[in-house]
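Just so it is clear, none of the values below were taken in a lab; they were calculated from the coordinates. This is a predicted model, so every value here is computed, not measured. We place every Cβ from the backbone using ideal geometry, glycine too, and count neighbours over all the protein chains shown.
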Amino acid sequence: MATFAWEVYADTPAWMDISSNTVVFSGSATDLTAAITVGTWQDGTHLGNGDPGTDQCGTNHVPNVKYVSSTQFDNGGGTETLNDSNLVATECTMRVEFTDASSVAVTNARFYSFDGGTETNEAVGIEAYAFEQGQSATTWTQLNDDSGNIGGDNSGERLDLSDSGSATEHYFYIAVSARPESVGAKTEFDFGVALTYS
């Protein structure tokens, strides 16, 4: 049976299942309730048990990867060039694990944001970028821009993930950065993954 697991590198630190928690972007590296100023990128990424609820990160907070420019990021140590050497797998926002009892190949994989109801609708009030680590990419991909009607599981409005050969486990390491386009809580902001396997 094929399954997906959403994981973050936190707690011990180690990869831990997000479970019923939510990824929370905030204006603070330590406080998931801190608001992000409109038009600025998040300063912290956390796990919350609601919107945002209370912090569920454990010992260490979820790695924060902040968009600086189309080819740069900041994960707390200052601006760096976006590439696989500077941003390693354990510094990414999350890992998506796809497993199957049989050895399968994965194609047409993609990661997207949406409004939580209709997978082809963009998230509400959010601009976001994403990056897949480990595939020699050097630029962010725009994942969402509510004011520009960009987002959802639509061609050209999502992050295309790498194909992978026959195996029982497939991993995708993804960095995400987000900022609000207007004042107020942004609760219509979810992530999805889709793929073909054979």
### Task
If a/c stays under 1.5 just call it rounded; otherwise compare a/b with b/c (prolate if a/b is bigger, oblate if not). Do that for segment 124-198, with a ≥ b ≥ c from the square roots of the Cα gyration tensor eigenvalues.
prolate
### Query
From the backbone phi of segment 152-160, what are the Karplus-calculated ³J(HN,Hα) couplings (6.51 cos²θ - 1.76 cosθ + 1.60, θ = phi - 60°) in whole Hz, Gly and Pro given as x?
x, 7, 10, 3, x, 10, 8, 9, 6
### Summary
For the chain the mean separation of alpha carbon contacts under 8 Å (6+ apart) over residue count, i.e. relative contact order in percent, is 23 percent
### Volume of the Cα convex hull of segment 16-67, divided per residue and given in Å³
72 Å³
### Query
In sequence order, what are the phi-derived ³J(HN,Hα) couplings for segment 42-59 according to the Karplus relation 6.51 cos²θ - 1.76 cosθ + 1.60 with θ = phi - 60°, rounded to whole Hz, with x for glycine and proline?
4, 9, x, 10, 9, 10, x, 9, x, 10, x, x, 9, 5, 10, 5, x, 4
### Message
About the Cα centre, and with charges only on the beta carbon of Lys, Arg (+1) and Asp, Glu (-1), how big is the dipole of segment 64-188? Nearest 20 debye, please.
### Response
220 debye
### Query
For Ser28, which sequence-distant residues (separation of 5 or more, or a different chain) have an amide H within less than 5 Å of its own amide H, given hydrogens modelled in the peptide plane?
Ala34, Asp43, Gly44
### Query
For segment 3-197, what log10 I(q)/I(0) values come out of the Debye formula at q = 0.12 1/Å, with one point per alpha carbon and no solvent?
-0.54
